[in-house]
Each structure stands twice: as structure tokens, then as C-alpha cells.
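Read the structure below first, then the notes.
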Amino acid sequence: MEVKKVAVIGGGTMGNGIAHVFAMNSIPVNLIETKQEFADRALSTIEKNLNRMVKKEKITDGEKVSTLDSIEVFLDVEEGVKDVDLVIEAVPENYDIKKSVFEKIDKAAPGHAILASNTSSISITKLAAITSRPEKCIGMHFFNPVPVMKLVEVVRGLETDDETYEATEAAAKLLAKVPVPVNDSPGFVSNRVLMPMINEAIFCVGEGVATPEHVDEVMKLGMAHPMGPLRLADFIGLDVCLDILKVLYDGFKDPKYRPAPLLVQMVDAGKLGNKTGEGFYSYD
Ligand code: CAA
């Protein structure tokens with residue numbers, strides 16, 4: 001099955017990036033949001049990121065215009081998914097919200113359509129079980145910033161069939177991304193490895209071993225990471241990091257995944273990183 005048209009549900013950081021890369025690779029996108037103002041914000045972010053690419057001479061002005069023209073906004077999920085081959089859900093990382101989306105898309109999307117989730121840690125098998133087509137459900141996990149990061153973790157649920165996997169892998173390749181196959185397991189590979197590192201960096205700060213700046217300097221200069229773990233935690237969102245650690249902790253029942261008390265406190269205080277203007281660092 002060839003993916004010729006996609007629907008992206010949610011125009012937040014990940015959703016607008018996913019819509020951006022499909023549209024830029026000539027695959028029409030139905031971008032679904034709950035309110036016009038959220039859709040407008042998503043489109044203006046896409047335009048800003050396309051402008052940056054024009055300025056760097058990665059795309060032409062004409063390619064920017066045709067990318068924006070390839071995105072159509074819908075405020076109704078059922079309407080937005082009815083003529084697509086692939087639906088990618090990128091709504092907040094909350095099982096109940098995703099459940100209600102999967103119920104709707106299963107009813108409204110064509111029978112042949114693949115239902116994918118960009119979840120960073122929720123079980124694909126559990127999401128698939130909500131639908132009448134678990135064999136057509138899969139994880140398509142992109143990384144932020146989506147136009148820049150090459151990886152797509154393609155997560156197979158217990159019942160995902162080979163045809164669905166192959167079509168999803170081919171779609172990722174069309175975007176010039178590198179799909180990596182992973183089986184469904186808490187945190188998949190990316191967050192099972194990344195989050196304990198971020199958590200340990202937060203323990204170092206909480207225990208007074210080093211300041212956030214110094215922890216990040218160690219990892220940037222000593223391990224050649226492009227961003228230190230605490231700057232990265234702010235970039236991902238401290239609430240998202242905490243949610244993923246809870247999924248790992250609940251899924252494995254292993255104390256090595258217990259969230260650092262400082263992380264819990266910062267989330268309780270509403271210091272979530274870049275999106276709230278304050279986390280381990282301050283942002284304008
Ligand atoms: N859209 C398009 N292009 C963008 C962009 C965007 N949103 N953001 C950055 N870029 C481009 C820039 O134009 C620049 O292009 P050139 O190389 O051609 O100059 C390039 O990316 C680098 O950007 P900058 O020069 O502005 O800044 P930088 O060198 O500090 O890099 C970064 C920024 C790419 C974000 C880099 O710091 C980085 O790779 N950080 C790590 C990001 C990471 O780990 N992401 C994964 C997070 S985990 C996740 O997303 C999933 C999860 O489940 C939690």
C-alpha cells in the first residue's frame with residue numbers, strides 16, 4: 001500500500017513538524033486541530049520554519065509556497081481522516097485523550113488506512129486494542145525538531161502486520177528519514193535510553209553535585225552531545241519527561257526509573273521548560 005495522502009491530528013510542536021515534512025515531500029496533508037487559533041498557530045510555525053530553510057537555501061521560495069498549499073486545515077476529526085491512507089495522531093501524551101482520538105479515527109478513516117501514533121511511550125498494542133484494525137496500527141515516533149532529526153522509530157504492536165510495517169517504513173523513507181524498527185515495549189528504545197540519562201542529570205542537580213550549566217557542559221564537551229541533558233529536558237518539556245519516566249517505572253516496576261524528586265517538584269511548580277519560559281534555564 002502506498003501512502004498518497006495523510007492526516008495529522010494535533011498541530012503542536014510534533015504535529016506541525018510532521019505536517020511540515022510530509023507536505024514538503026509532496027504528500028498532501030489534512031492538518032486536524034480542535035480550534036482555528038491552534039491551527040493558525042501551527043501554520044505560522046510551519047511558515048517560520050520554512051522561511052528559515054529558504055534563508056539557508058535548503059528549499060526555494062516556490063517550494064515553500066507549494067508546501068503550505070499542500071496543507072489543508074480541518075477542525076473535525078471525522079472529516080479530516082475520511083480520504084487519507086495514513087493517519088498520524090500527535091495529540092498530548094495522555095492515554096484518555098489518545099483513546100478518544102483512536103475511537104474516532106477507527107470509525108471514520110477508510111478501511112485500508114494505517115492508524116499511527118507519534119506517542120513517545122504509550123503502548124502501541126494498547127492503542128491498537130481500541131480499534132477494530134489492530135493489525136493496521138503502528139507507532140511512528142518522530143523527533144524534535146522534526147524537519148531536522150533523521151530518526152523515525154517505527155514501533156510494531158503485538159498485532160501489527162508486515163504490510164503495515166512496510167508501508168510505514170516506506171512513508172518514512174519518502175521523507176528522507178531513517179526508519180528504525182522497534183518492538184512495543186515501555187519507552188521503546190529512544191526514551192528507555194534517553195530518560196534515565198536525563199533523570200540522572202536531574203538527580204545530580206538535586207543532590208548538589210553540580211549546577212545545570214555544569215552538568216550540561218560535562219555531557220556536551222565530554223560526550224559530544226549537541227545539547228546537555230538538562231537543556232534537552234527543557235526542550236522536550238519537563239512534564240513530558242516525567243510522564244515518560246512514569247510509564248517506564250510502571251511498565252518495568254524497576255526502581256531505576258523512579259523520577260527524581262526535583263523533576264516532580266519542578267513540574268508541580270509549573271516550570272516545564274521552554275514552553276513555560278522557565279525550567280532548568282530561563283527563556284524569553
Ligand atoms: N525547522 C527547520 N530547521 C531547523 C529547525 C526547525 N524547527 N530547528 C533547527 N533547524 C536547523 C537550522 O536551520 C540549522 O540548519 P543548518 O545546519 O543548515 O545551519 C540546524 O537545524 C541547526 O540549528 P541551529 O544552528 O539553529 O542550532 P543548533 O546547531 O544548536 O541545533 C538542534 C539545534 C538541531 C535542536 C540541536 O541542538 C540538536 O540536535 N539538539 C538535540 C535535539 C534532540 O535530541 N531531539 C530529540 C528530542 S527527544 C524527542 O523529540 C522525542 C521524545 O520522545 C521525547
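Which of the residues belonging to the stretch 224-242 are of a type in the set (A, V, I, L, M) and either within 10 Å of the ligand (Cβ to nearest atom) or farther than 27 Å from GLU93 by Cβ (or both)? Show your work before the answer.
Quick first cut of the stretch 224-242, residues of a type in the set (A, V, I, L, M) only: 224, 227, 230, 232-233, 236, 238, 240, 242.
The answer is ALA224, MET227, LEU232, ALA233, ILE236, VAL240.
For the stretch 5-70, list the helices (runs of 4 or more DSSP H) that sit wholly inside it and hold at least 3 residues that are within 11 Å of the ligand (Cβ to nearest atom) and either under 16 Å from ILE88 (Cβ atoms) or outside the structural domain of ALA113 (by TED's automatic domain parsing) (or both); which are they?
Working: elements: 13-24, 36-55, 61-69.
By residue number, 13-24.
Quick check on my filter: what residues within the stretch 137-166 are open to solvent by 40 Å² or more (accessible area, probe 1.4 Å) and charged (D, E, K, R)?
Hits for the stretch 137-166 are LYS150, ARG156, GLU159, ASP161, ASP162, GLU163, GLU166.
So, in the stretch 14-42, of the ones that are surrounded by 24 or more Cβ atoms within 10 Å (Cβ to Cβ) and not hydrophobic (A, V, I, L, M, F, W, C), which residue ends up farthest from MET53 (Cα to Cα)?
GLU33
Scan the stretch 3-13 for residues that are open to solvent by 70 Å² or more (accessible area, probe 1.4 Å) and closer than 17 Å to ALA176 by Cβ and report the count. Spell out how you get there, then give the answer.
Of all residues in the stretch 3-13, those open to solvent by 70 Å² or more (accessible area, probe 1.4 Å) come to 4, 13.
After this cut, where a residue has to be closer than 17 Å to ALA176 by Cβ as well, the list is none.
Of the residues in the stretch 3-13, 0 are open to solvent by 70 Å² or more (accessible area, probe 1.4 Å) and closer than 17 Å to ALA176 by Cβ.
Examine the stretch 110-126 for a residue that is open to solvent by 10 Å² or more (accessible area, probe 1.4 Å), modelled with pLDDT of 95 or more and aliphatic (A, V, I, L, M), and state whether such a residue exists.
Looking for residues that are open to solvent by 10 Å² or more (accessible area, probe 1.4 Å), modelled with pLDDT of 95 or more and aliphatic (A, V, I, L, M), one finds none in the stretch 110-126, hence no.
Please state which of the following conditions VAL148 fails to meet, knowing it meets all the rest: (1) among the β-branched types (Val, Ile, Thr); (2) touching a residue at least 12 places away in the same chain (Cβ under 8 Å); (3) out of contact with any His (no Cβ under 9 Å at 6 or more places or on another chain).
Condition not satisfied by VAL148: (2).
Taking the stretch 187-200, which residues are under 11 Å from LEU248 (Cβ atoms), within 17 Å of the chain's Cα centre (by Cα) and surrounded by fewer than 18 Cβ atoms within 10 Å (Cβ to Cβ)?
From the stretch 187-200, those under 11 Å from LEU248 (Cβ atoms) are 187-188, 191-196, 199; that's our starting set.
Next cut, within 17 Å of the chain's Cα centre (by Cα) only: 187-188, 191-195.
VAL193, the sole residue that qualifies.
Would you check which residues across the stretch 265-284 are open to solvent by 50 Å² or more (accessible area, probe 1.4 Å), part of a helix (DSSP H, G or I) and modelled with pLDDT of 95 or more and list them?
Hits for the stretch 265-284 are GLN265, ASP268, ASN274, THR276.
Can you tell me which residue among ALA210, ALA233 is among the small types (Gly, Ala, Ser) and in a helix (DSSP H, G or I)?
ALA233
Is it the case that some residue within the stretch 244-257 is open to solvent by 10 Å² or more (accessible area, probe 1.4 Å) and not in a helix (DSSP H, G or I)?
Scanning the stretch 244-257, I find at least one residue that is open to solvent by 10 Å² or more (accessible area, probe 1.4 Å) and not in a helix (DSSP H, G or I), so the answer is yes.
Does LYS98 satisfy being in contact with a Leu (Cβ under 8 Å, 6 or more places away or on another chain) and within 30 Å of SER132 (Cβ to Cβ)?
Numbers: in contact with a Leu (Cβ under 8 Å, 6 or more places away or on another chain): yes; within 30 Å of SER132 (Cβ to Cβ): yes.
Yes.
Suppose we filter the stretch 71-82 for residues that are assigned to a loop (DSSP other than H, G, I, E, B) and surrounded by 14 or more Cβ atoms within 10 Å (Cβ to Cβ); how many remain? Even if it seems obvious, please write down each step before you answer.
From the stretch 71-82, those assigned to a loop (DSSP other than H, G, I, E, B) are 75-76, 82; that's our starting set.
Still in the list and also surrounded by 14 or more Cβ atoms within 10 Å (Cβ to Cβ): 82.
Going through the stretch 71-82 one residue at a time, the tally reaches 1.
The values are calculated or read from the model by the stated rules, or taken from the named source; none is laboratory data. Just so it is clear, the structure is predicted and the values come from calculations on it, not from any experiment. A quick note on method: Cβ atoms are made from the backbone with ideal geometry, for glycine too, and the neighbour counts reach across all protein chains shown. The area values use the complete protein model at the heavy-atom level, side chains included, leaving out ligands, DNA and RNA. Shrake-Rupley method; radii C 1.70, N 1.55, O 1.52, S 1.80 Å.
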